[in-house]
Amino acid sequence: MKISEFQTKDVVNILDGRRLGQITDLEINLKLGQIDAIVVPGQGKFLGFFGGGNDLVIPWRNIIKIGKDVVLVRLEESLIQQPPNEKDNEYKPY
């Protein structure tokens, strides 16, 4: 499979059915010659570039199935970053 084919697949968490996005990058272990994780843009990012939020790094061991159009992952809710609260971004004087 080519990386370009991998990047067109939607990533879905099987625990809650939520679509997490599309793969934007891979973490590769060069010493072992294997993929360690897939990277999905964080909440609020557009095409992985614009917007805030941290990228979601999903370890390879959490991938359950790679299908024709989708990658199914098992990801606990605590590992998924929620979008920041608007009040967190407000100016706070000393």
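Within the range 1-42, the set of residues being crowded, with 17+ Cβ neighbours inside 10 Å and in contact (Cβ under 8 Å) with a residue 40 or more places away in the chain comprises Lys9, Val11, Val12, Asn13, Leu20, Ile23.
Report yes if Gly48 is assigned to a loop (DSSP other than H, G, I, E, B), at pLDDT 90 or above and among the small types (Gly, Ala, Ser), otherwise no. Taking the combined requirement at face value, the residue does not satisfy it.
Of the conditions (1) at pLDDT 90 or above; (2) surrounded by 10 or more Cβ atoms within 10 Å (Cβ to Cβ), Asp55 fails just one. Which one is it? Only one criterion in (1) at pLDDT 90 or above; (2) surrounded by 10 or more Cβ atoms within 10 Å (Cβ to Cβ) is unmet by Asp55, namely (1).
The values are calculated or read from the model by the stated rules, or taken from the named source; none is laboratory data. Keep in mind that what you see is a predicted model, and the values were worked out from it rather than measured. When we count neighbours, we look across all protein chains shown, and the Cβ atoms used for this are built from the backbone with ideal geometry, even at glycine.
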